[in-house]
């Protein structure tokens, strides 16, 4: 009888599906940036490195506000992250090693695991409707170059030529105009929409209907003056730069989730 009960219990345990574990970094160091050091740390608005980059073995976040880290972890706009006042003022350095075989798409999930482990992060999701942009291909296609295969390295001469061309174009815009350059040798339209979401005031949805991976290059200005002085040429806006490659941003209304930091510690747990 006892054997029968054990067998039944074992069968019940076997029938319970395993809970998928969220991806996590193999090892990571997290350092709170002292106020005196923040002026030299606030150079980046996102983390760099990781799978698919020139530094695949390490993800680096330098001097990022806690709110920005939460936004990256939840793939949200920084303006859609709220919580205690300190999440905007407290900044952190993170160096993290992804596990072998990790993908770029898994990095936000790994960062979320890290924030939960080191800071005790707890969030509350508040669905809401708000302004969004739809990324569209009005003619059903776009002027996109096919991407190179992952194992095909970029031609150094071509990279230098592209850099010189971008610098020349930037100089033609005149002084005081900041240039934003997006260049990705392997990018899907959903990747482009996510990148644009980080630069614009509203989230961007991929509504192009275009599948595949492409080489994407965009150069535009987000602080272009209303008028151009002298012989300087007027830089394109992001809307105009997209239209140059057959894409268009259209204002719309849609789901625009808000991430509220319900609980977190300022000081991370030991490394």
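Any read-out appearing in this document is the output of simple, stated calculations on the displayed coordinates, not a laboratory observation. Since the model is a prediction, treat every value here as computed from it, not as a measurement. We place every Cβ from the backbone using ideal geometry, glycine too, and count neighbours over all the protein chains shown.
Using a Förster distance of 22 angstrom, determine the FRET efficiency expected from the C-beta separation of residue 171 and residue 199, and round it to 0.05.
Details: r = 22 Å, r/R0 = 1.01.
Between residue 171 and residue 199 the formula returns 0.50.
Can you tell me the FRET efficiency between residue 164 and residue 82 if r is taken as the Cβ-Cβ distance and R0 is 41 Å, rounded to the nearest 0.05?
On the way: r = 43 Å, r/R0 = 1.05.
Given R0 = 41 Å and the Cβ-Cβ separation, E is 0.40.
Where in segment 76-106 does the label zone of residue 266 land, with the point 7 angstrom along Cα→C-beta and an amide N cut-off under 20 Å?
82-94
For segment 73-139, taking Cα atoms only, what is the radius of gyration to one decimal and the Dmax to the nearest whole Å?
Cα radius of gyration and Dmax of segment 73-139 are 15.6, 48 Å respectively.
Measure of size requested: the Rg and Dmax of segment 130-255, with Cα atoms as the atom set and Å as the unit; please supply both.
15.6, 46
Which whole-number percentage describes the relative contact order of segment 130-255, with Cα contacts under 8 Å and a sequence gap of 6 or more?
Values: 192 pairs, mean separation 57.3, N = 126.
Averaging sequence separation for qualifying contacts and normalising by length gives 46 percent for segment 130-255.
Need one number: nm distance between label points at residue 148 and residue 104, each 7 Å from Cα along Cα→Cβ, rounded to one decimal.
Here the answer is 1.4 nm between the modelled labels.
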